[in-house]
1. Would you check if VAL337 is under 22 Å from ALA237 (Cβ atoms), β-branched (Val, Ile, Thr) and in contact (Cβ under 8 Å) with a residue 40 or more places away in the chain?
2. Kindly check whether there is at least one residue in the stretch 179-186 that is surrounded by 23 or more Cβ atoms within 10 Å (Cβ to Cβ), in the same structural domain as VAL111 (by TED's automatic domain parsing) and under 27 Å from LYS325 (Cβ atoms).
3. I'd like the full set of residues that are among the hydroxyl-bearing types (Ser, Thr, Tyr) and either farther than 18 Å from PRO17 by Cα or not in a loop (DSSP other than H, G, I, E, B) (or both), limited to the stretch 233-246.
4. Go through the stretch 382-396 residue by residue and tally those that are in contact (Cβ under 8 Å) with a residue 60 or more places away in the chain and within 13 Å of LEU327 (Cα to Cα).
5. Does the stretch 201-232 hold any residues that are of a type in the set (S, T, N, Q), closer than 21 Å to LEU343 by Cβ and not in a loop (DSSP other than H, G, I, E, B), and which are they?
6. Hey, ASP66 hits all of (1) closer than 23 Å to ARG172 by Cβ; (2) among the acidic types (Asp, Glu); (3) in contact (Cβ under 8 Å) with a residue 40 or more places away in the chain but one; which does it fall short on?
7. Looking at the stretch 44-73 only, could you name the residues that are in contact with a Phe, Trp or Tyr (Cβ under 6 Å, 6 or more places away or on another chain) and more than 23 Å from ALA303 (Cα to Cα)?
8. Could you grab me the full set of residues in the stretch 260-283 that are assigned to a helix (DSSP H, G or I) and either farther than 16 Å from ASP245 by Cα or touching a strand residue (DSSP E or B) at 6+ places or on another chain (Cβ under 9 Å) (or both)?
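The values are calculated or read from the model by the stated rules, or taken from the named source; none is laboratory data. Source: prediction; values computed, not measured. Here Cβ is always computed from backbone atoms with ideal geometry, including for glycine, and neighbour counts include all displayed protein chains.
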Amino acid sequence: MSKPALVFLCQRLPFPPFKGERITSFNLLRHLSRHYRVFLGTFVDDPADMAGIDKLRCLVEDLHVDRIAKPWSYVRALPRWLAGEPVSFALFRSSGLGQWLDDIEAKHKPVAIVTHSSNISAYAVDKFRRHGEEAEPKRILHFADVDSEKFVAYAERSRGWAKWLYATEARRVRHEERRLAAGADVVAFVTDEESDLFRSIIHEHQERVVTLPNGVDVETFNPNQAFEAPFQSHGAAFVFTGAMDYLPNIEAVTWFAAEVFPGIRKMLPDAQFLIVGSKPTAEVRKLAAIPGITVTGRVESVAAYLAYAQVAVAPLQIARGIQNKVLEAMAMAVPIVVSKGALTGISAEPGKHLICADTPAQWINECVALVHEPVRAKEIGLAARSVVLRAYTWDAQFAKLDRLLHD
């Protein structure tokens, strides 16, 4: 019997899965393709990502990819923004994708529409309307995080025009989040904290809100693999991983480089801080001028950098949802020091499975202590991996998704 058709929409081409949203999107796609003929609609904003298209064709029935070419895409989005739409939504409006979805509906009658990220979810709600007694497809919108709250946080940290722009975006995104929730069957978030926050925002349709946590690929992030050393080790290596054009990651590494790393170097003169992630901004690249700091750009294997690190760090000041970087370090059995925000949604006990720090002095002391106490560091790392194997494999996380689709 032929598999039923399903449409999956995500805001970035989900290959290679090297950053948070793509990791989730890729694993969602891989899981869904086991049970459905998947029609994938997505976008690319970096020409280098086009190489990933061929890798995805074996997983999907059909594929539509639209380009976001900066700055022209912002110009194209301007009329919609002036009309009151959030710019983060307007950027993903495409007549080509809309026509492709109309063709899929006419030819294949998908049984479900699954999205990843709120700013692409309007397609699921605004299309696929059927008449008469035809059952409409199930609409499962995986927002992951409450994006409007992220823009609220940006506004609180900004001044002048930036503050106004972020506050405007927060208000408009929140309006869209409420509208989309009203048209969905399920709205999913990666932590109970995000789910509870969204319920407090929407007031209605609260029964539609569920938690679908992130997972981690425990085969890719496996400390028992033999990795080639990706960098020359001169001293204790502290590693941060993440997309380096993302504001919370930029703030995290610049804060660590200014407030924590100098103190670490006083006690560990040969210490290294490696900033591992794609698209580093000019602000991030400047950090490489500081002795001991390396900015890598995109790398082939994040796991390899973690394998040769003494300590992973996640000093995020703005953190929404579950942090994949934390789960990946835990899966690699690398002791990780995190901010309180980066611990959100992860069932790990500070002091046993990881270390939580707040002030610069705490960060310095905890980071140095893990280097000076390798036995304790190893115990924390192994305990962390056991947590991941027990509760954070992707199959365990998507079991609930299967129930939602079949309900």
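1. Judged against the criteria, VAL337 is not a match.
2. Checked against the condition, which is being surrounded by 23 or more Cβ atoms within 10 Å (Cβ to Cβ), in the same structural domain as VAL111 (by TED's automatic domain parsing) and under 27 Å from LYS325 (Cβ atoms), the stretch 179-186 yields no hits at all.
3. Scanning the stretch 233-246 gives SER233, THR241.
4. Qualifying residue count, the stretch 382-396: 6.
5. THR211
6. Single failed check for ASP66: (3).
7. GLU61, ASP62, HIS64, ASP66, ILE68
8. Hits for the stretch 260-283 are VAL260, PHE261, PRO262, GLY263, ILE264, ARG265, LYS266, MET267.
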